[in-house]
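The next block holds one structure in the form of structure tokens; read it before the comments.
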Amino acid sequence: MKVLFIEYPKCSTCRKAKKWLEENNIDFTDRNIAEHNPTNDELKEVMQKSGLPARKLFNTSGNVYKSLNLKSKIDSLSEDEMLKLLSSDGMLVKRPLLIGDNFALVGFKEDAYADILL
């Protein structure tokens with residue numbers, strides 16, 4: 001099984017997740033989220049496979065989220081508006097994203113990775 005690992009290399013959580021994947025010999029394709037934003041379709045796929053709503057895909061501690069003052073605006077946005085924002089700037093997206101044939105994980109929790117991949 002090969003999975004897509006979308007990460008920001010400078011993010012400590014992403015580095016921990018990548019190290020975990022490597023230590024457990026998981027075959028993955030690596031993609032820098034800052035250079036290649038997740039597309040609208042990829043984000044919809046993540047929502048469908050993870051069961052998470054669009055608002056849970058935002059990196060709420062990121063500078064872009066804060067500079068756009070999204071905390072006060074998020075409740076008034078439609079799902080389509082959220083997805084358009086998320087796909088416009090990878091730094092708005094919570095990371096890492098791990099996408100497989102029948103699953104998607106947002107963020108890194110070792111237990112969740114182990115449950116699905118081991």
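The values are calculated or read from the model by the stated rules, or taken from the named source; none is laboratory data. Everything numeric in this text was worked out from a predicted model, so none of it was measured. Methodologically, a virtual Cβ is constructed for each residue, glycine included, from the backbone with ideal geometry; neighbour enumeration extends over all protein chains shown.
Observations, loosely collected:
- Among the residues of the stretch 67-100, those identified as of a type in the set (A, V, I, L, M) and either more than 16 Å from the chain's Cα centre (by Cα) or at positive phi (or both) are LEU68, LEU70, ILE74, LEU77.
- Of the criteria (1) of a type outside the set (Asp, Glu); (2) under 29 Å from MET1 (Cβ atoms); (3) at pLDDT below 95; (4) out of contact with any Phe, Trp or Tyr (no Cβ under 9 Å at 6 or more places or on another chain), which one LYS19 fails: (3)
- When each of MET82, MET47 is tested for being farther than 27 Å from ILE116 by Cα and at pLDDT 95 or above, the lone residue that passes is MET82.
- When the stretch 10-44 is filtered for residues that are more than 14 Å from ASP89 (Cβ to Cβ) and in contact with a strand residue (DSSP E or B) (Cβ under 6 Å, 6 or more places away or on another chain), the ones remaining, listed by number, are CYS14, LEU21, ASP27, PHE28, THR29, ASP30, ARG31.
- Whichever residue in the stretch 14-52 is among the β-branched types (Val, Ile, Thr) and loosely packed, with under 15 Cβ neighbours inside 10 Å and, among such residues, is nearest to the chain's Cα centre (by Cα): THR39
- Summed over the stretch 103-118, the residues that are under 16 Å from VAL46 (Cβ atoms) and in contact (Cβ under 8 Å) with a residue 60 or more places away in the chain give a count of 4.
- The stretch 53-66, subset under 21 Å from THR13 (Cα atoms) and surrounded by fewer than 16 Cβ atoms within 10 Å (Cβ to Cβ), residue nearest to the chain's Cα centre (by Cα): LYS56
- In the stretch 1-102, counting only helices (runs of 4 or more DSSP H) that sit wholly within it, the ones holding 2 or more residues that are in contact (Cβ under 8 Å) with a residue 60 or more places away in the chain and not hydrophobic (A, V, I, L, M, F, W, C) span 12-23.
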